[in-house]
Amino acid sequence: MENFFKYISQPASKEDIDDWLKANNIIPERVELFYDFIISLNDIINKTYLGGEDEDTEIKIQMTENDLRGHFDWCVQKVIKDFNKESVYFRPENDYLDFMFSFYKETFYNQPQDMIRNSLGKFFEDLFNLETMVTRSDLDMIITIYRGLNKNMTIS
């Protein structure tokens, strides 16, 4: 249990982060590119989502899981089209998007509090900022995102 607590809470040293980047063949510029992809996706999800159950929300639409997946997929397609304009191409169907949908389903779509839904942008900003204190747990999440997007991306 003590090791798990360290894994999720103890900051990694700068040397550990550098070693981790090298060991996993992580290109820092691609980390920035994938942060741009994730933050763009997060922004479009936030701007276009009509659901929510916060008592201060005037619009209260109950959506099925198919509706949520449809909204998520539409947002992904929008972000992919925007990146295509910059000659960065992502394949729209892959296991990584299933992972991201599951993440958004739990932390955004099924989250009843607007404050928590709206904090995801800050979460990703902190997660992808390797100059600040990140934990080994954070590094594992970055590698999951990195590998998923890197495997499904081409640049021309």
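The values are calculated or read from the model by the stated rules, or taken from the named source; none is laboratory data. These numbers were taken from a predicted model, which means no experiment stands behind them. Neighbour counts are summed over all protein chains in view; Cβ atoms, including those assigned to glycine, are modelled from backbone coordinates with ideal geometry.
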Query raised in the report: Do we find a residue being surrounded by 14 or more Cβ atoms within 10 Å (Cβ to Cβ) and touching a Phe, Trp or Tyr at 6+ places or on another chain (Cβ under 6 Å) anywhere in segment 44-62?
Result: no
Report summary line: Going through segment 68-93 in order, the residues found to be surrounded by fewer than 17 Cβ atoms within 10 Å (Cβ to Cβ) and farther than 18 Å from residue 35 by Cα are 70, 73, 74, 93
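The rows are residues; the columns are (1) closer than 16 Å to residue 154 by Cβ; (2) over 14 Å from the mean Cα position of the chain (by Cα).
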position	(1), (2)
71	no, yes
75	no, no
78	no, yes
87	yes, yes
98	no, no
105	no, no
110	no, yes
Requested in this report: Could you tell me which residue of segment 2-30 is modelled with the lowest pLDDT, considering only residues that are loosely packed, with under 13 Cβ neighbours inside 10 Å and small (Gly, Ala, Ser)?
Outcome: 9
Query - Scan of segment 94-110 for residues that are more than 25 Å from residue 33 (Cβ to Cβ) and outside any helix (DSSP H, G or I), ordered by number - result: 110
Query - Residue list for segment 112-156, restricted to those being outside any helix (DSSP H, G or I), over 22 Å from residue 98 (Cβ atoms) and either free of Cβ contacts under 8 Å to residues at least 40 places away in the same chain or more than 16 Å from the chain's Cα centre (by Cα) (or both) - result: 112, 113, 119, 129, 131, 132, 133, 135, 155, 156
Query raised in the report: Restricted to segment 111-134, and to residues that are farther than 13 Å from residue 39 by Cβ and touching a helix residue (DSSP H, G or I) at 6+ places or on another chain (Cβ under 6 Å), which residue is surrounded by the most Cβ atoms within 10 Å (Cβ to Cβ)?
Result: 117
